[in-house]
Each structure stands twice: as C-alpha cells, then as structure tokens.
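Take a look at the structure set out below.
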Amino acid sequence: MIESWRWYGEFDKITLPEVAQTGATGIVTALHDIPYGEVWSREAIAARQAQVRGAGFDWVVVESLPIHERIKRGEGDLSTLFANYQQSLANLAAEGVDRVCYNFMPLLDWTRTDLTAPVARGGQCLRFSAPRMAAFEIHMLGREGAEEDYLPEVRGKAAIWFQQASEADREALLASIMAGLPGAFDRYSVAGLRTALAGYDGIGREELRANYKRFLQEVIPTAQELGVRMCVHPDDPPRDILGLPRIVSTGDDLAWVLNAVDAPANGITLCSGSLGAHPDNDVPAIARSVAPRIHFAHLRNVAKEADGSFEEAAHLEGDTDMVALIAVLLEEEGRRRAEGRADDAIPFRPDHGHDLLSDIGRDLIPGYPLIGRLRGLAELRGVIAGLGHRQGPHPA
Ligand code: DNO
C-alpha cells in the first residue's frame with residue numbers, strides 16, 4: 001500500500017515539509033483553482049508536479065478532477081465538456097499522473113452539520129446530525145417534501161433545535177453544510193441553494209444514472225487508452241440528500257458503475273467512511289466484491305446512531321472493522337503480484353482526522369488537520385505492518 005496524503009496546494013496551510021514528517025510518500029492533490037469544466041493545461045499540471053517532486057513526493061492520485069454540473073444534469077450539448085475532460089486526462093497522463101478520483105454527487109460534495117463536534121477525550125470531529133439536517137431542510141430551506149425524508153422523532157428534534165437556535169447557530173449550520181466543496185468554490189446562500197436545486201427538478205435516480213453512464217462511455221475509453229485509472233468516490237453521506245438522488249452509495253451501486261462500462265480503467269475509490277455511514281453496508285464485504293477495481297482507498301471510520309446521525313470516529317474505532325478491510329486490500333495486492341503486475345500497490349490516505357492538539361486554532365481545511373491525520377496514518381501503518389508480517393515478507 002502506498003501511504004499518501006491529501007494536500008490542497010496553495011489553499012493548504014500545511015506545508016509539504018510538514019507532510020514529509022508524517023512518513024507519507026504519495027501526494028493526493030488537484031488544481032483547485034481551475035473552474036469546473038475547463039481544461040487542466042500541461043503547464044499547470046507540470047508546475048504542480050514539479051512542486052510535489054521537488055519536495056520528495058510522488059503525485060499518486062488526482063483528487064478530484066471534478067465533473068461539471070451540466071454533465072450530471074445531462075443538459076444541452078456536452079461535447080465541449082467531454083472533450084475538455086478527455087484533454088485534461090491526456091495532459092495528466094503526459095505529465096505522469098495516472099489515477100484520477102472524482103465523484104458523481106449532484107450539487108454538493110460531502111455534507112456535515114457540525115465541523116467542530118467535541119470528542120470525548122478532547123479534540124474535535126466532523127458530525128452529521130440527522131435532526132440538524134432536517135432542521136435545515138424543513139425550517140430553513142423550506143424544501144417541499146423534506147418532511148417525508150425524516151422519521152417523526154427526527155422531525156420533532158429538528159423543530160426544537162430550530163426554535164432554540166440563534167441566528168448565529170443557523171448561519172453556522174448553513175456554513176457547515178456548504179463546507180464540503182473543496183478549494184475556492186462557491187458557497188451557496190439559502191436562496192442560491194434553492195435555485196441550484198431547481199436545476200435538478202425532474203432528475204431522479206434513473207435519469208442521473210443515464211447521465212453518469214454517458215459520462216463513463218465518453219471518458220473511460222480515453223482513460224483506458226492513456227493508461228489512466230478513474231476511481232469514483234462514493235456518496236457522502238450515502239443517501240439521498242436535499243431531495244437529490246444519490247447513485248454511488250451501496251455495493252449494488254458500485255456493481256452498477258463497474259458494469260456500466262466494463263473496463264479496468266473504470267474503477268473505485270474505496271472510501272470506508274462514506275460507505276460505512278450506510279447502515280446496510282458491510283464495508284470489508286463490499287471491498288472484496290469490487291477488489292480488482294479498487295484503484296485508491298480512503299481509510300477512516302464512523303460511529304452511526306439509530307436516527308441516521310453519525311460522527312467521524314478515530315481510524316480504528318467506529319463501526320467498520322478496519323483490520324478486516326485492510327486485510328482485503330492486502331489480499332488484493334497479493335493477487336495482483338501473483339499476476340506479475342508491477343502496479344500492485346494500492347495508494348491509500350488516512351481520510352479525515354480529528355482536530356487534535358496544535359490543529360485546533362490553526363484554521364485548517366475541515367477534516368484535514370495535521371496531527372489528527374498523522375495519528376490516523378500511524379495507526380493504519382501499524383495495522384498494515386502487522387497484517388503484512390502475518391502474510392510473510394513482501395518482495396522488495
Ligand atoms: C472529503 C472527500 C471528498 C472527495 C470527493 C472526490 O473529504 O473525501 O471531498 O474528495 O468527493 O471527488
């Protein structure tokens with residue numbers, strides 16, 4: 001497994017020399033300042049590549065090469081957007097970057113209601129509270145039909161929260177829900193979000209799947225030819241949100257993706273935290289079912305609650321059996337080695353982390369602190385070493 005670290009380039013207050021001290025050797029990054037839908041030029045990619053290599057790292061994965069909303073909505077003539085995406089892949093390949101993570105979540109990327117929830121023994125974590133999400137949708141956004149998406153008990157708690165919340169609490173909730181968009185992108189106001197949501201009127205699960213399939217048909221053959229591996233990131237949280245359909249949430253969804261265009265370049269980012277927030281998902285079993293197509297892994301854990309809320313747990317705590325999951329990944333690497341492949345190693349990163357110690361007050365990107373991720377990486381490294389030892393020595 002290749003230990004890697006997400007770094008947000010010019011938007012990240014954590015420096016590459018700091019990252020080097022974590023022991024990670026791979027960098028996961030993106031050109032966050034390029035607007036969605038535009039070509040990533042060779043020059044811009046080469047400049048980032050030089051920066052990463054100059055600091056002694058490999059740029060192992062792009063996260064993300066984002067998909068324009070018009071592609072997700074299947075709106076109008078998409079030929080330029082598809083051509084631009086293909087060109088970006090060609091430019092990345094030409095500069096030696098050959099794994100690309102993306103997601104197909106409509107409108108919002110990951111969604112949380114609280115970015116600084118207290119952790120029992122100190123520190124802060126990201127939290128998704130079903131009652132607060134319900135308060136937002138029902139009482140702040142006034143989305144039609146939102147009530148039906150929540151249990152009566154959750155609706156009750158939502159109404160109480162909303163009545164007691166100050167204007168500042170409501171603003172903080174909106175800011176948390178909007179924080180998932182990485183880099184320098186738009187944050188919606190409540191009114192802006194209503195307008196953006198209206199763009200998805202009439203787009204249900206089947207329509208979104210058709211639009212996704214069209215994207216895969218356009219992009220996977222190009223990726224395959226270029227030797228680039230595409231890896232879709234699962235929905236976070238893995239459920240419909242704000243009335244928007246989500247189609248990459250379960251093992252069945254992943255099987256659908258892999259079958260939609262059946263090629264090795266069409267692969268998966270196995271994100272244990274995203275998949276693990278769904279009550280029916282057995283993450284190690286899902287990993288086993290898609291193992292040959294896992295091109296990248298995000299390792300983190302969540303603790304779920306009965307009402308649909310969840311909190312990000314320490315990497316070896318929470319509901320997912322991390323040791324069992326890592327065993328699946330190591331087994332898959334062994335299978336690749338047995339096939340004689342030189343590209344057997346799966347890059348992974350400690351995904352998210354608690355804000356711990358000097359992380360607090362540093363105003364880092366939510367979920368991406370230094371010490372919290374360093375702790376996560378060290379724990380995961382220990383599991384990998386322990387399981388690897390049991391399996392016998394790795395070839396050099
Ligand atoms: C959250 C991340 C996601 C992920 C994108 C991939 O921390 O895991 O933002 O990068 O969904 O496109």
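The values are calculated or read from the model by the stated rules, or taken from the named source; none is laboratory data. Bear in mind that the values here come from a model prediction, so they are computed numbers and not experimental data. Glycine gets a Cβ as well: all are built from the backbone with ideal geometry, and neighbour counts include every protein chain shown.
Some observations on this one:
- Qualifying residue in the range 355-369 (condition: away from the ligand (no atom under 16 Å from the Cβ), part of a helix (DSSP H, G or I) and assigned by TED's automatic domain parsing to the domain that holds residue 18): yes
- From 22, 29, residue being surrounded by 19 or more Cβ atoms within 10 Å (Cβ to Cβ), within 23 Å of residue 300 (Cα to Cα), of a type in the set (S, T, N, Q) and more than 14 Å from the ligand (Cβ to nearest atom): 22
- Selection over the range 225-240 of residues that are surrounded by fewer than 21 Cβ atoms within 10 Å (Cβ to Cβ) and either within 13 Å of the ligand (Cβ to nearest atom) or outside any loop (DSSP other than H, G, I, E, B) (or both) gives a count of 2.
- In this entry, residue 176 passes the filter for residues that are within 16 Å of the ligand (Cβ to nearest atom), in contact with a strand residue (DSSP E or B) (Cβ under 7 Å, 6 or more places away or on another chain) and closer than 19 Å to residue 367 by Cα.
- Taken as a whole, the condition of being closer than 29 Å to residue 266 by Cβ, in contact (Cβ under 8 Å) with a residue 60 or more places away in the chain and assigned by TED's automatic domain parsing to the domain that holds residue 254 does not apply to residue 286.
- Out of 122, 156, 145, one residue alone is closer than 29 Å to residue 68 by Cα and surrounded by fewer than 18 Cβ atoms within 10 Å (Cβ to Cβ). It is 145.
- Criterion violated by residue 388 - all others in (1) more than 15 Å from the ligand (Cβ to nearest atom); (2) at pLDDT below 95; (3) assigned to a loop (DSSP other than H, G, I, E, B); (4) not aromatic (Phe, Trp, Tyr) satisfied: (3)
- Search result, residues across the range 35-50 that are crowded, with 18+ Cβ neighbours inside 10 Å and either within 15 Å of the ligand (Cβ to nearest atom) or of a type in the set (Phe, Trp, Tyr) (or both): 40
- Scanning the range 341-354 for residues that are away from the ligand (no atom under 16 Å from the Cβ) and free of Cβ contacts under 8 Å to residues at least 60 places away in the same chain returns 341, 342, 343, 344.
- Checking residue 368 against (1) farther than 28 Å from residue 229 by Cα; (2) touching a His at 6+ places or on another chain (Cβ under 8 Å); (3) aromatic (Phe, Trp, Tyr), the condition it does not meet: (1)
- Taking strands (runs of 3 or more DSSP E) as the structural unit, those lying wholly within the range 265-326 and holding at least 3 residues that are within 15 Å of the ligand (Cβ to nearest atom) and farther than 24 Å from residue 121 by Cα correspond to 266-271, 294-299.
- Residue that is surrounded by fewer than 21 Cβ atoms within 10 Å (Cβ to Cβ), within 18 Å of the chain's Cα centre (by Cα), over 30 Å from residue 151 (Cα atoms) and at pLDDT 95 or above, where the choices are 323, 290, 383: 290
- Residue selected from the range 71-119 under the condition away from the ligand (no atom under 14 Å from the Cβ), among the aliphatic types (A, V, I, L, M) and within 15 Å of residue 214 (Cα to Cα), by the criterion surrounded by the most Cβ atoms within 10 Å (Cβ to Cβ): 81
- Selection count where residues are in contact with a strand residue (DSSP E or B) (Cβ under 7 Å, 6 or more places away or on another chain) and either within 16 Å of the ligand (Cβ to nearest atom) or within 21 Å of residue 165 (Cα to Cα) (or both), scope the range 120-130: 6
- Selection over the range 197-224 of residues that are of a type in the set (Ser, Thr, Tyr) and within 14 Å of the ligand (Cβ to nearest atom) gives a count of 1.
- Here residue 307 fulfils each of the conditions (1) charged (D, E, K, R); (2) touching a Leu at 6+ places or on another chain (Cβ under 7 Å); (3) buried (at least 18 other Cβ atoms within 10 Å of the Cβ) apart from (3).
- Helices (runs of 4 or more DSSP H) fully within the range 3-112 counting 1 or more residues that are closer than 24 Å to residue 384 by Cα and of a type outside the set (A, V, I, L, M, F, W, C): 16-20
- Each residue in the range 271-291 was checked for being under 16 Å from residue 331 (Cβ atoms) and among the hydrophobic types (A, V, I, L, M, F, W, C), and 6 of them qualify.
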